[in-house]
Amino acid sequence: MISIFEIFKIGVGPSSSHTVGPMKAAYEFIKSIEDNGFKNSYDKIEVNLYGSLGFTGLGHMSDKAVVLGLSGFHPETIDMNNSSKTLKNCLDSNTLIILDKKINFNIKKNIIFNKKFSTVSSHSNTMKFSLFKNRKKILEEIYFSIGGGFIIGQSKTKKLKKDIIFPYPFDSASKLLEQCKKSKLNIWQLVLKNEALSMDRNMVHKKIEDIWNTMNDCIERGISTKGYLSGELKVKRRARRLYMSLKKKEVPEPLDSIEWVNIFAMAVNEENASGGKVVTAPTNGAAGIIPAVCKYYMMFIPNSNKEGLYRFFLTAGAIGILYKLNASISGADVGCQGEVGVACSMAAAGLVAALNGKNREIENAAEIGMEHNLGLTCDPVMGLVQIPCIERNAMGAVKAINAAKIAMRGKGDHKVSLDQVIETMKQTGKDMQTIYKETSEGGLAVNVVEC
Ligand code: SF4
């Protein structure tokens, strides 16, 4: 079992698997240098990024993330001003300060993007960190970025996180519903009891508020920033323009709320594409969906309140855990159905909970949210998390609201279960060709030609 706070993590854009994961791996590697007693006895570090990281890592700023991780920055605590200075210094001087020691480090030479899968492992996001002294390798660590900012070391025994034993463990939707029935709890109440094992209940609520405030700040930054997104595609930011035009509208229309949802989702994903501070939910590429649906709840639902927000995040987090345990939340593993599809499913469930829906309705909403994202491929143009990712978040957020509405109008006697759709997503991801799994070798990525 994992915590909902491993599904929702404050981090930086543009990608959880290609930016957050490599930064964390580099951060772990410097700890390994210290633990192995090599702090003062090396003269070179080399980093090899394989598979999907090799294909699209440059567009996802994986190299910059590695530099920051080696310099001691962690995605959850990063100071954006200091990190920019560190990066600039490395690019200007070809040096890095690692554990108080200055070494030569040329980002183009010391970080190697390999457009092939590693011989070490066929995992799509493999990272090899090597330490040298007088050209002799003295330490090597392999990490895998497995989606949503999670990383694991090569050796299974060397897991980077300790397991927590919750009072109400569940590894499938049917078990979750069964546990709720037995204990007469709503899903959010059960998840709160699980989370309260490792921290005070007030702390759980405080952490949810921090997550929501970070998401809301991100929406605000997104709708107040003009200009172009980073990268060679030269994509113009649209959230601010859409916001200004909707605000000026004199005659309201029935579907205005949908337009607001589009703006909120796009604002977050434009911030993410620019390397800004976002909440991984459950990934960075899909980071706009949950904030947009939450903001919709806060802005358009009468009597919406903090309690509703708690119910939203506790429930959406439980659904994210089910995907993480039983399928994947990585575009490089199962395509975009594992990112936008999962976020849509989580948001649909969260909204039903915020609206005080029943457990069966929550399960149904989560199922609908994924069912209509099955087969969604990952084909970011030029390896940038911009096209189709930004608009896709707007589509995913609207779909999540619709899924919640369909589920709450139903009678709970639906034919497809959440467990079945999660298994279907996993199998579809397995059958999907590699070119559609964050390699930018297929789909829109090859049909949208750079002018
Ligand atoms: S297409 Fe989907 S999975 Fe791929 S980078 Fe974009 S948001 Fe992530």
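Within segment 303-327, the set of residues being small (Gly, Ala, Ser) and open to solvent by 10 Å² or more (accessible area, probe 1.4 Å) comprises SER304, ALA327. Taking the criterion of being touching a helix residue (DSSP H, G or I) at 6+ places or on another chain (Cβ under 9 Å), open to solvent by 30 Å² or more (accessible area, probe 1.4 Å) and without any contact (Cβ under 8 Å) to a residue 40 or more places away in the chain, the residues of segment 246-271 that qualify are LYS249, GLU253, GLU259.
Would you say GLY308 is in the same structural domain as ASN194 (by TED's automatic domain parsing), over 15 Å from VAL352 (Cα atoms) and either in contact (Cβ under 8 Å) with a residue 40 or more places away in the chain or touching an Asp or Glu at 6+ places or on another chain (Cβ under 6 Å) (or both)? When the stated conditions are applied, GLY308 does not pass them. What residue, among those in segment 335-374 that are open to solvent by 10 Å² or more (accessible area, probe 1.4 Å) and under 16 Å from the mean Cα position of the chain (by Cα), is nearest to PRO302 (Cα to Cα)? Within segment 335-374, the match that is nearest to PRO302 (Cα to Cα) is GLU339. Filtering SER52, SER15 for residues that are hydroxyl-bearing (Ser, Thr, Tyr) and under 22 Å from LEU91 (Cβ atoms) leaves a single hit, SER15. The conditions of being outside the structural domain of MET203 (by TED's automatic domain parsing) and open to solvent by 10 Å² or more (accessible area, probe 1.4 Å) are met by GLY37.
Criterion first (in a helix (DSSP H, G or I) and not polar (S, T, N, Q)) does ASP419 satisfy it? Here the answer is yes, as ASP419 does meet what is asked. Out of the residues in segment 335-374 that are outside any helix (DSSP H, G or I) and within 11 Å of the ligand (Cβ to nearest atom), which is farthest from SER172 (Cα to Cα)? Going through the qualifying residues, I end up with GLY335. Within segment 317-334, restricting attention to residues that are of a type in the set (A, V, I, L, M) and part of a helix (DSSP H, G or I), the residue that is farthest from the ligand (Cβ to nearest atom) is ALA318. Scanning segment 91-142 for residues that are at pLDDT below 95, of a type in the set (Ser, Thr, Tyr) and assigned to a strand (DSSP E or B) yields one hit, THR126. The set of residues from segment 375-416 being within 16 Å of the ligand (Cβ to nearest atom), open to solvent by 50 Å² or more (accessible area, probe 1.4 Å) and in a loop (DSSP other than H, G, I, E, B) comprises just one member, ILE387.
When you scan segment 283-298, do you find a residue that is free of Cβ contacts under 8 Å to residues at least 40 places away in the same chain, in the same structural domain as ARG241 (by TED's automatic domain parsing) and away from the ligand (no atom under 11 Å from the Cβ), even just one? Yes: segment 283-298 contains one or more residues that are free of Cβ contacts under 8 Å to residues at least 40 places away in the same chain, in the same structural domain as ARG241 (by TED's automatic domain parsing) and away from the ligand (no atom under 11 Å from the Cβ).
The values are calculated or read from the model by the stated rules, or taken from the named source; none is laboratory data. Small disclaimer: the values here were computed from a predicted structure and weren't measured. So basically every Cβ, Gly included, is an ideal-geometry build from the backbone, and we count neighbours across all protein chains shown. Heavy atoms of the whole protein, side chains included, go into the accessibility calculation; ligands, DNA and RNA do not. Shrake-Rupley method; radii C 1.70, N 1.55, O 1.52, S 1.80 Å.
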